[in-house]
Amino acid sequence: MSKLSVIIPAYNEEKRLGSNLSSVLKYLHKNFSSFELIIVDDGSTDSMAKSVRLAIAKDSRARLISYKPNRGKGYAVRNGVLASQGEQVLFMDADLSTPLVEIPKILTKLESADIVIGSRGKSDAPFGRQVASFIFDQIKYMMVGLRRFRDTQCGFKAFRGEIARKLFAKSQVDRFMFDVEILYLAEKSKLKIIELHVDWSDVPDSKVRFWEGVVNMFRDLWRIRSIH
């Protein structure tokens, strides 16, 4: 089996990631003969880095990338991808809002594509966030296209390794519009992208502040058009 790189970006996830890491490692060891797990500490101010080091101390397949200050999820994922060595690269959220059992499903689809992106379908998120998401989608379509995708923001995506590293080497958006930038670059390169429905749950206390993100999205969407 080809080597799989799993990347988990995290910020101030000491409690949640600490309890989830053992589950992630147990699942990967059980289901994949060759893998690496890369946790990227995006400038956390809690004791997350310490708890991660303790959790992975005896596992040579897991490693931590840590830096300060906080730079944003896009920056964290980029660092993880560029440090990866796998023939398949997958990134997922620290809160495991997409369950681990979805990993084999997305990798199976990747056998016939360059990129597979998770799609959350009907959301159980609060109504306000759903409205904000709708507004974001309409603005996104007007500014950068990508209308054929139902969900560009799901934090569960898989790539052929070399393609992932080439795309992220070109990317420049550090925060939550990084998904859009990567898909925009992939579309320009005429890569084959499959969208796959995955189970997903809105986890309480998520670090994503959607309305705050809406304030900044105009700038990043404009940057994507201007840069690329």
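Just so you know, all these numbers are worked out from the coordinates, no wet-lab data involved. Predicted model, so just to flag it, every value in this text is computed and none were measured. Cβ sites come from the backbone with ideal geometry, for glycine too, and all protein chains shown count toward neighbours.
Each residue of the stretch 69-77 is assigned a 3J(HN,Hα), and the resulting list reads x, 4, 10, x, 4, x, 5, 5, 5 Hz, derived from the Karplus form 6.51 cos²θ - 1.76 cosθ + 1.60 (θ = phi - 60°), x at Gly and Pro. With the simple model of a label 7 Å out from the Cα in the direction of the Cβ, residue 101 to residue 187 spans 3.4 nm.
Using a cutoff of 8 angstrom between alpha carbon atoms and counting only pairs six or more residues apart, the relative contact order for the chain works out to 24 percent.
Note that the stretch 49-59 has calculated 3J(HN,Hα) couplings of 4, 5, 5, 5, 4, 5, 5, 10, 4, 9, 10 Hz, one per residue in order, obtained from phi through the Karplus relation 6.51 cos²θ - 1.76 cosθ + 1.60 (θ = phi - 60°); glycine and proline are x. Amide H contacts of residue 65: 39, 40, 41, each under 5 Å away and 5 or more positions distant or on a separate chain (H built 1.01 Å from N in the peptide plane; Pro and chain starts excluded). Only the Cβ atoms of Lys and Arg (+1) and of Asp and Glu (-1) were treated as charged; on that basis the dipole of the stretch 4-227 about its Cα centre amounts to roughly 460 debye.
First check a/c for the stretch 37-102, with a ≥ b ≥ c the square roots of the eigenvalues of its C-alpha gyration tensor; if it is under 1.5, answer rounded, and if not, answer prolate when a/b is larger than b/c or oblate otherwise. It is rounded, given that a/c, with a ≥ b ≥ c, falls under 1.5.
Taking the fewest neighbouring Cβ atoms within 10 Å as the starting point, the ordered list for 52, 131 is 131, 52. Simple rule: put +1 on each Lys or Arg Cβ and -1 on each Asp or Glu Cβ in the stretch 1-85, find the dipole, and look at 76, 6, 29; the Cα lying farthest toward the positive end is 29. Between 135, 163, 106, the GNM of the chain built on Cα springs shorter than 10 angstrom shows 135 fluctuating the most.
The ranking of 61, 165, 148 from fewest to most other beta carbons within 10 Å of each one's beta carbon is 148, 61, 165. Computed about the Cα centre, the dipole magnitude for the stretch 76-171 is approximately 340 debye when only Lys and Arg (+1) and Asp and Glu (-1) carry charge, each at its Cβ. Cross-link partners for residue 170 among the lysines, with Cα-Cα distance under 19 Å and sequence neighbours closer than 8 places in the same chain left out: 73, 157, 188, 190, 192. The simple Förster model, with R0 at 25 Å and r as the Cβ-Cβ distance, assigns residue 131 and residue 199 a FRET efficiency of 0.60.
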